[in-house]
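Step one of this worksheet: look at the structure below.
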Amino acid sequence: MKALRVEKKGVAVREVEKPQLEDEALVRVIVSGICNTDLEIARGYAGFLGTIGHEFVGVVEQSPDATWAPLSA
Ligand SMILES: [Zn+2]
């Protein structure tokens, strides 16, 4: 899967391993926005290195309970 990563040299889309989650939902992102917080992180103001992005629309692929059960085809 792909992820938008903040690295020491800038921002890049990288191939990353699919997370193995036990008590969280896994959401396949369909579309995503970029907000001012993302821009500040990308510019290095927060000192954060890693995957960013928190404003998106997606489909639940995996869920620990029926509350967020994946849609059946
Ligand atoms: Zn935001």
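Read-outs throughout are calculated quantities, based only on the coordinates presented, and are distinct from any laboratory measurement. Owing to the predicted nature of the structure, the values given are computational and were not obtained by experimental measurement. Using ideal geometry, Cβ is built from the backbone for each residue, glycine included, and neighbour counts are taken over all protein chains shown.
Count, please, the residues in the stretch 15-32 that happen to be touching a Phe, Trp or Tyr at 6+ places or on another chain (Cβ under 7 Å) and surrounded by 10 or more Cβ atoms within 10 Å (Cβ to Cβ).
So the count comes out to 3.
Within the stretch 52-64, count every residue that is within 15 Å of the ligand (Cβ to nearest atom), surrounded by fewer than 12 Cβ atoms within 10 Å (Cβ to Cβ) and part of a strand (DSSP E or B).
Residues flagged as within 15 Å of the ligand (Cβ to nearest atom), surrounded by fewer than 12 Cβ atoms within 10 Å (Cβ to Cβ) and part of a strand (DSSP E or B) within the stretch 52-64 amount to 1.
State which residue pairs qualify: first residue closer than 15 Å to Lys8 by Cβ and inside the stretch 35-49, second residue of a type in the set (Phe, Trp, Tyr) in any location, beta carbons under 7 Å apart, and separation of 6 or more residues or different chains.
Listed pairs, sorted by first residue: Ile41/Phe48.
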